[in-house]
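The values are calculated or read from the model by the stated rules, or taken from the named source; none is laboratory data. In this text the structure is predicted, and so the values were computed from the model without any measurement. In this analysis, Cβ positions are derived from the backbone assuming ideal geometry, glycine residues included, and neighbour counts consider all displayed protein chains.
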Amino acid sequence: MEIGENIRELATRIVELREAYYQGSPLVADADYDAVEDELRALIEANPELAPDPNPLDEVGAPGVLHAPIRHSRPMLSLEKATKPEQVAAFLDRFPGQSVVVMPKLDGLSLSLVYEDGRLQVAATRGDGTTGDDVTPLVRALVDGVPDRIDTPGRVEVRGEAVMLRSTFLAYNTAHPDKPLINPRNAAAGTLRAKDPATVAERRLQFFGFDLDTDEDTAVDLEEGLRTLGIAGARMRHCADAEQAQAAIGVIEADRNDLDYDLDGAVLRLADRDAYAAAGTRSNSPRGALAFKFAAEEKTTLLREVIWDVGKTGKIVPVAWLEPVFVGGTTVTKATLANQEVIRARDIKVGDTVLVRRAGDVIPFVAGVLDAAKRTGEEIDIVAPTVCPSCAQPVTEQGNSRELFCTNASCPAQSVRRLIHWASRAAADIDAIGQVWIERLAEAGILENPSDFYTLTKDRLLEFDRVGEVSAQRMIDSIDASRQVGLRRALIGLSIPMASEGTAARLARAGFGSLEEVADAGEERLVEVEDIGAKVAASLTSHLARLRPELERLREYGVSLDVRAEDLPPVVAAGAPLAGKTVVITGALADPRSGEKVARPTFQRLCEKAGATAASSVSANTDMLITGAGVGESKLTKAEKLGVQVVDQAEIWTLLIDAKVV
């Protein structure tokens, strides 16, 4: 009875969660929903006689329709899940001799587009897999990438995913800080459930095709077929075996954070469409396809406390302390809350169950509260401080987001953060002294300014517990190496507000010989430098004037503040083979002569010596996309769309070697 009751409760919970999700108001993160499904599936497999009727695991998608019902010509099924390489191998073992295509699994809302004699007749959601919602007017008004007419006779059905681009999501939330969307996936579902397109006109979606069914020969290549119709499709990789398939999955996962849309996995599908059809289906999934799920980038957890943290420029930000949760491939205990306006707009309180998102190396952040209805009344409002948590001096508010700042230049917390930043890789790169030791040395009164690093001696370090001869010597050697920091990296390390790494690079290339020259330049000369405006020039002038004694101390201790050769514009080789070309570089790079990996900045500088101008993103002004191994799909897609030439790195290496650039 106990197991049966548990099964019934889980089945009821799944129905409740599905209904909320397809209304665009999810109650839990995807990973938490999957956990409920997995628990129910395991119980039913162990106790099949207790399976509920109806069984929600046999159903697909939304349990009901909001608009006019449309019955699909063939079911729109979900996919069998996998999370381990051995499951991929087992899938291919079921179809010996068959190759597969591997494509990104987009995280949006599935749609079916039906064309009759070249005209879009119906656009429908997946619904329960058999019957979906007619959303044709919404798709015509709100979804890009869906042509109203195609140059193909007869009946054509295209299936795919409508997603909200990350850039659209960010723009919408920036324009509507008082009512932000929680994430792009749920925003897409909510957009196509709207009753009036005008109410969600700013929330445009993008369609990507993943399946095609026509009255013509169904063996046509899927990518080519979609391209002929004028419909974008996710890039497909043909793989002969499990090893190749797993490698393709790895490339898709590695590139997922470079895209303008969310992925939650990769799809494997038999490449031969006749073989795919012959494989048949289970109750709710095709046998010839598999969904490999990536580690969840969103999870729900308890917000236990909020700490206000003081940064190197005095900015005071709220940090959420969380019940530990495994998300984005790591255990997260802290996440950013951005600022007090974000907290207010998303109505976040201490004690809430919140949605935490972490993608790649991005700092985890609290996206919002999924189900405020479950509050107990014991939740506590988050109140911004009126004085600095470190030095107790009054704080100021700046900007529309009412960001808080401590303006006390002697604030202890700011001093420690500035020391940590000076020692970071982007600045002086004192790699042997980590954050913990910097905090200890600052607490002992030994470190207060960057110049204090260069007063440290081995004997002084040996006075501390847990510091031996070897580690003390490593610290001193690391400090000595950092004396060659130079103008660009020293400027980065000084933590001047509004002066970014790009600002430092531009100043180094603008003819300034030393950091003192920048300090003496004055605002009028600084604004003559490309992309340096009046506010940045004013910040540089005022802060470098304040830091003049510190620059003198750094010089006194043998620290170079002069421009380094590596920071100057490269000397262009005679007969430069890439002269006048604007290039973008993507993928992993290696010198063909030795096979050794080459860092992207190093390769970029070689291209600049060959006359090229390097850019970070593909645009209409790009002449060439240079590709290495594991190329990101987004750059390739954009290059193809803009007609940008795509060139393998091997061709460029040949040019560089022939021109004696390397």
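For THR218, indicate whether it is at pLDDT below 85 and farther than 28 Å from PHE91 by Cα. Considered against the rule, which asks whether it is at pLDDT below 85 and farther than 28 Å from PHE91 by Cα, THR218 comes out as no. Filtered by the rule that a residue be crowded, with 20+ Cβ neighbours inside 10 Å and under 23 Å from ILE182 (Cβ atoms), the range 247-258 gives a lone residue, ARG256. Selection of the range 46-79 for residues being of a type outside the set (D, E, K, R), at pLDDT 85 or above and closer than 28 Å to SER112 by Cα yields PRO69, ILE70, HIS72, SER73, PRO75, MET76, LEU77, SER78, LEU79. For ALA247, the requirement of being among the small types (Gly, Ala, Ser) and assigned to a loop (DSSP other than H, G, I, E, B) is not met. Which residues, counting only those in the range 394-410, are in a loop (DSSP other than H, G, I, E, B) and either farther than 26 Å from PRO450 by Cβ or modelled with pLDDT of 95 or more (or both)? Across the range 394-410, the qualifying residues are GLY399, ASN400, SER401, ARG402.
Can you tell me which residue is nearest to GLN414 (Cα to Cα) among those in the range 431-458 that are over 33 Å from the mean Cα position of the chain (by Cα) and among the β-branched types (Val, Ile, Thr)? Restricting to residues being over 33 Å from the mean Cα position of the chain (by Cα) and among the β-branched types (Val, Ile, Thr), the top hit is ILE446. Sort out which residues of the range 150-191 are of a type in the set (D, E, K, R), at pLDDT 90 or above and surrounded by 16 or more Cβ atoms within 10 Å (Cβ to Cβ), and write them in order of number. If the condition is that a residue be of a type in the set (D, E, K, R), at pLDDT 90 or above and surrounded by 16 or more Cβ atoms within 10 Å (Cβ to Cβ), then GLU157, ARG159, GLU161 are the ones that fit.
Comparison of VAL598, VAL572 shows that the only residue that is more than 30 Å from PHE453 (Cα to Cα) and touching a residue at least 12 places away in the same chain (Cβ under 8 Å) is VAL572. Exactly one residue among ALA296, ALA335 is out of contact with any Pro (no Cβ under 7 Å at 6 or more places or on another chain), under 25 Å from ASP255 (Cα atoms) and in contact (Cβ under 8 Å) with a residue 24 or more places away in the chain, and that residue is ALA296. Assessment of the range 145-153 against the conditions (under 20 Å from SER634 (Cα atoms) and touching a residue at least 12 places away in the same chain (Cβ under 8 Å)) yields at least one matching residue.
Quick one: in the range 352-378, which of the residues that are crowded, with 17+ Cβ neighbours inside 10 Å and over 20 Å from the mean Cα position of the chain (by Cα) is modelled with the lowest pLDDT? Looking at residues that are crowded, with 17+ Cβ neighbours inside 10 Å and over 20 Å from the mean Cα position of the chain (by Cα), I get LEU370. Name the residue that is surrounded by the most Cβ atoms within 10 Å (Cβ to Cβ), counting only residues in the range 233-244 that are in a loop (DSSP other than H, G, I, E, B) and either modelled with pLDDT under 90 or out of contact with any Leu (no Cβ under 9 Å at 6 or more places or on another chain) (or both). The extreme case among them is ALA234. Just for the range 24-45: of the residues that are under 21 Å from VAL356 (Cα atoms) and not hydrophobic (A, V, I, L, M, F, W, C), which one is modelled with the lowest pLDDT? Checked the range 24-45; the qualifying residue modelled with the lowest pLDDT is GLY24. Residue pairs whose Cβ atoms lie under 8 Å apart, sitting 6 or more positions apart in sequence or on different chains, and linking a residue in the range 453-472 that is outside the structural domain of LEU554 (by TED's automatic domain parsing) to a partner that is exposed (fewer than 13 other Cβ atoms within 10 Å of the Cβ) and charged (D, E, K, R), do not occur here.
From the list GLU566, GLU516, the lone residue that is acidic (Asp, Glu) and surrounded by 15 or more Cβ atoms within 10 Å (Cβ to Cβ) is GLU516. For the range 130-149, taking the residues that are touching a strand residue (DSSP E or B) at 6+ places or on another chain (Cβ under 9 Å) and of a type in the set (Gly, Ala, Ser), the one that is surrounded by the most Cβ atoms within 10 Å (Cβ to Cβ) is identified as GLY132. Condition check for ALA508 on (1) in contact (Cβ under 8 Å) with a residue 24 or more places away in the chain; (2) under 36 Å from the mean Cα position of the chain (by Cα); (3) surrounded by fewer than 17 Cβ atoms within 10 Å (Cβ to Cβ); (4) over 18 Å from HIS421 (Cβ atoms): one failure, at (3).
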